[in-house]
Amino acid sequence: VIIPEGVTSIKSYAFADCTELTAVTIPEGVTSIGSYAFANCSGLTGVMIPMSVTLIGVRAFYRCQSLTTLVILEGVTSIKDSAFAYCSGLTSVAIPSSVNTIGNYAFSGCTGITELDLSDSLTSIGAYTFSGCSGIIELDLPDSLTSIGVYAFNGCTGIPVLVLPDSVTSIGSHAFSG
C-alpha cells in the first residue's frame, strides 16, 4: 500500500486485519496513526514512521507478527498502549529522543527483540511495556527516566546486568520480576 501525499492521518482500523498486506509507505505529512490502524496485519514486514507523525495510536500495529523492520523517526512524541504488542518478529527497536513516554503494553510480547535503544529524553515507561520480551540481552536505561511501571520488564530473562539511573523515583511492583 502506498498512501498518497496529502493524507494527514491514518484513521482507526483503516487497514486492520489486512493479513495479505506486506508493505506500506507512509508519506511525510501524516501526523497520526490511529488506533488499530494496522492491527493484525500479519504479513506486514516493515514500516518507517516519518518525522511528521507525532502519535502512534493504541494497538496501531498490534499483532503484526511478521514485522521485522521498524524505523521510528524523530517527531513521534507518544507511543500509545499496545502499539506494537505481540510483534514477535521485531529484533531491534530504537525509540527516538522525541518520545517522552511509552504506553502500557506498547511492546509487550515482542519476544524477538534483542536490541533495545531507549530515548535519551524518555521519562516514563508504562505498565507491562516490555513484558515478555525475553530476547532483550542488553538494557541501558536513560538518565532522564523517572518512572518504571508495574511489570514493565516482567519476564525479560535475558538481561544479565541492570543499572538503574539516579533519576528514577518510582519503580512499580514486579517491574523486573521473572
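Laid out as a table, the results:
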read-out	value
Residue among SER78, SER167, SER108 with the largest mean-square fluctuation in a Gaussian network model of the chain, springs linking Cα atoms under 10 Å	SER167
Choice from LEU162, LEU141, LEU122 showing the highest fluctuation, given a GNM over the chain with Cα pairs closer than 10 Å	LEU162
Net lengthening on full extension, ASP120/THR146 (0.36 nm per residue, minus Cα-Cα)	8.2 nm
Mean separation of Cα contacts under 8 Å (6+ apart) over length of the chain, as relative contact order %	13 percent
Estimated inter-spin distance, LEU162 and LEU73, nm [label 7 Å along Cα→Cβ]	3.5 nm
Inter-label distance, nm, simple model (7 Å from Cα along the C-beta direction), ALA94/GLU5	2.7 nm
For Kirkwood radius over Cα pairs in Å, calculated from these coordinates, the label among [x] 15.9; [y] 16.6; [z] 18.7	[x]
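Where a number appears in this text, it was derived from the coordinates with a stated rule and is not lab data. Keep in mind that what you see is a predicted model, and the values were worked out from it rather than measured. So basically every Cβ, Gly included, is an ideal-geometry build from the backbone, and we count neighbours across all protein chains shown.
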